[in-house]
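> What follows is a structure written as structure tokens; I'll ask about it next.
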Amino acid sequence: MKIKELMTTEVVAVGPDTPLKEVASLLVEHRISGVPVVDADRRILGVVSEADILVKEQGAQPESRRLLGWLLGGGVADEGKLAARTAGEAMTAPAITIEAEKQVSEAARLMTEEGIKRLPVVDATGRLLGIVTRSDLVRAFTRPDAEIEREIEEEIVRRTLWLDDEGLEVRVEHGEVTLAGQLERRSDAELLPRFVARVPGVVAVRSTLGWRWDDRKATLASDPHVPIAPRGT
């Protein structure tokens with residue numbers, strides 16, 4: 001499942017000169033945790049989040065407390081953000097974004113690793129197209145079994161891995177996928193479950209796939225760096 005199938009296209013965005021007070025009002029009004037900052041061509045410059053505004057709200061700390069925070073590893077508030085008056089001055093840049101053609105699993109990885117709740121969705125030139133949130137990803141996880149099965153067969157088996165699905169059986173029940181049958185190559189039989197596990201809504205994958213040709217052995221046999229045992233051993 002691609003990001004473009006899940007994203008929200010009506011995005012609240014601001015320009016770099018938008019007053020910070022107005023940005024805060026937008027966050028409250030639309031009940032969102034951050035807004036993209038874009039230029040006149042809708043290209044992403046950065047993101048202003050609740051955390052950026054909290055830095056401004058806490059104000060400058062006394063020197064003794066700042067020193068203690070530094071000694072304890074808590075860091076010191078960005079002086080530029082403390083003095084910020086506009087979105088461009090307060091934003092975090094560069095923004096973490098994702099392209100519309102990427103898979104949903106990539107968005108989940110970015111959100112988890114970066115500890116963020118939403119991702120601006122861009123095209124190949126960095127122009128803002130939409131937004132995808134954690135809630136969107138959770139909603140994708142609730143998809144019905146029939147929809148998950150269709151994506152596995154059409155998007156993974158045929159379009160991504162280009163596999164001959166004759167003899168391949170795919171069953172989905174309560175998000176649990178069973179792969180059975182026989183594929184042409186061993187590498188495909190081992191690769192398919194990994195791709196299936198990334199499909200939104202898949203809880204677990206059980207594979208009993210077999211293969212007609214062990215291409216891994218053929219690869220090892222053709223590798224000059226792999227020692228060949230003497231005959232008879």
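The values are calculated or read from the model by the stated rules, or taken from the named source; none is laboratory data. Everything numeric here is computed off the predicted structure, so don't read it as measured data. Note that we place each Cβ from the backbone using ideal geometry, even for glycine, and neighbour counts take in every protein chain shown. Accessible surface areas use protein heavy atoms only, side chains included; no ligands, DNA or RNA. Shrake-Rupley method; radii C 1.70, N 1.55, O 1.52, S 1.80 Å.
> Look at segment 172-203 and say how many of its residues are touching a Ser or Thr at 6+ places or on another chain (Cβ under 8 Å), open to solvent by 20 Å² or more (accessible area, probe 1.4 Å) and part of a loop (DSSP other than H, G, I, E, B).
Number of matching residues: 1.
> In addition: How many residues are more than 20 Å from the chain's Cα centre (by Cα) and open to solvent by less than 50 Å² (accessible area, probe 1.4 Å) when one looks only at segment 129-151?
Result for segment 129-151: 1.
> Same structure again: From the list E154, E169, which one is exposed (fewer than 14 other Cβ atoms within 10 Å of the Cβ), not hydroxyl-bearing (S, T, Y) and not in a strand (DSSP E or B)?
The unique qualifying residue is E154.
> Follow-up. Restricting the search to segment 92-104, which residues are open to solvent by 40 Å² or more (accessible area, probe 1.4 Å) and either part of a loop (DSSP other than H, G, I, E, B) or touching a Leu at 6+ places or on another chain (Cβ under 6 Å) (or both)?
Result: A93, P94, I96, T97, E101, K102.
> Could I ask something else about it? Looking for whichever is at pLDDT 95 or above, outside any strand (DSSP E or B) and over 19 Å from V38 (Cα atoms) here; the options are A107, A140, A146. Which one fits?
Residue meeting the stated conditions: A146.
> Under 8 Å between Cβ atoms, which residue pairs at least 6 apart in sequence (or on different chains) link something in segment 204-233 that is open to solvent by 90 Å² or more (accessible area, probe 1.4 Å) with a partner that is among the hydrophobic types (A, V, I, L, M, F, W, C) and at pLDDT 90 or above?
The qualifying pairs are R206/V177; R206/L179; W211/L183; W211/A189; R212/L183.
> Another question, then. For segment 1-51, which residues satisfy the criterion of being open to solvent by 30 Å² or more (accessible area, probe 1.4 Å), in contact with a strand residue (DSSP E or B) (Cβ under 7 Å, 6 or more places away or on another chain) and part of a helix (DSSP H, G or I)?
Those that are open to solvent by 30 Å² or more (accessible area, probe 1.4 Å), in contact with a strand residue (DSSP E or B) (Cβ under 7 Å, 6 or more places away or on another chain) and part of a helix (DSSP H, G or I): L26, E50.
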